[in-house]
Amino acid sequence: MKLITEGAEASIFLDKDRIVKKRHKKSYRIKELDEKLRLFRTKREAKIMEKLRTIGVAVPKLISVKEKDTTIAMEYVNGKKVRDVLNNSNCAEIIEKIGIMVAMMHNNNIIHGDLTTSNMIKNSNKIYFVDFGLGFFSDKTEDKAVDLHLLKQALNSSHSKISDKCFAAVVKGYMKDNSDSSEVMKRLEKVENRGKYKGKKK
Ligand SMILES: Nc1ncnc2c1ncn2[C@@H]1O[C@H](COP(=O)(O)OP(=O)(O)O)[C@@H](O)[C@H]1O
Ligand SMILES: [Mg+2]
């Protein structure tokens, strides 16, 4: 097994054609809480991955879940992080696809919880989503709007020069296939205004 990346929450190993994601101990957390959290997020991640596969969102195929070791094994997606490939000429196309897939998740009341371009992998013409440990199930417009807001913030911070163009593409994709997209977009405005207000008061 070869360590390919050490994230904030987990170590990611490549083992032949599979990825092994192991959530490691966090010594700054109380032991019992740490164990509960890691187990919860491991189970949650596996559950959401399985659900998304059934609705046709591209996610790595789940191979096994070892609750005792808070470890998930999944298919290796051969590709690059969207974060590393996104540019001015491909963003409209790539991001519109992402918008369509986020709408599919939201239509099924699945909130990703960490929509950044590091959690998306581009493999030929498909965009795969990973990292569902913060995901949850919700039909609330507010939760969907906050999910999009986080994506917008991620685009602003990682792709600042093209973020407006990118977010317009997210919205274009999202509006194509979401039954309550106008409500979510309206709510997004509120979420953003709330953010601005908070910022001013500080
Ligand atoms: N199934 C996979 N195939 C290929 N690369 C992956 C896979 N899962 C994760 N990665 C890579 O590992 C990185 C970290 O994985 P991630 O699940 O996002 O963990 P973290 O919680 O540490 O962010 C991802 O950004 C991606 O580059
Ligand atoms: Mg991640």
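Values quoted throughout were computed directly from the atomic coordinates according to the rules given, and no laboratory measurement underlies them. As the structure is a computational prediction, the values presented were derived from the model and not from experiment. Here the Cβ positions follow ideal geometry from the backbone for every residue, glycine too, while neighbour counts run over all protein chains shown.
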Check: C-alpha center the range 28-53 vs C-alpha center the range 58-82, spacing in Å is 14
Work out the length of the dipole vector of the range 72-147 about its Cα centre, built from +1 on the beta-carbon of each Lys and Arg and -1 on the beta-carbon of each Asp and Glu, and round it to the nearest 20 debye. 280
Place the peptides 7-13, 62-68, 117-123 in order of packing, highest mean first, counting for every residue the other Cβ atoms within 10 Å and averaging per peptide. 117-123, 7-13, 62-68
With the dipole of the range 124-202 defined by +1 on each Lys or Arg Cβ and -1 on each Asp or Glu Cβ, the option from 178, 130, 151 whose Cα lies farthest towards the positive pole is 151
Rounded to the nearest 500 deg cm²/dmol, what is the calculated helix-only ellipticity per residue at 222 nm for the chain, with -39500 (n - 2.57) per DSSP H run of length n ≥ 4? -16500 deg cm²/dmol
Whole-Hz Karplus ³J(HN,Hα) for the range 118-131, in order, using 6.51 cos²θ - 1.76 cosθ + 1.60 and θ = phi - 60°, x for Gly and Pro? 7, 9, 10, 10, 9, 10, 6, 9, 9, 10, 9, 9, 9, 6
To the nearest 10 degrees, the tilt of helix 91-107 (Cα long axis) against the first principal axis of the alpha carbons of the chain is 80
Across all Cα atoms of the range 2-75, Rg and the largest Cα-Cα distance (Dmax), in Å, are 12.7, 38
About the Cα centre of the range 2-75, how large is the charge dipole given +1 on each Lys and Arg Cβ and -1 on each Asp and Glu Cβ? Please answer in debye to the nearest 20. 160
Using alpha carbons only, how many degrees (0 to 90, rounded to 10) separate the axis of helix 163-176 from the longest principal axis of the chain? 90
Give me the percent relative contact order of the chain, please, defined on Cα pairs under 8 angstrom at least 6 residues apart. 20
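If the only charges are +1 at each Lys and Arg Cβ and -1 at each Asp and Glu Cβ, what is the size of the charge dipole of the range 80-201 around the Cα centre, to the nearest 20 debye?
In total the dipole reaches around 480 debye.
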What angle, in degrees between 0 and 90 and rounded to the nearest 10, separates the Cα long axis of helix 31-55 from the longest principal axis of the Cα atoms of the chain? 60
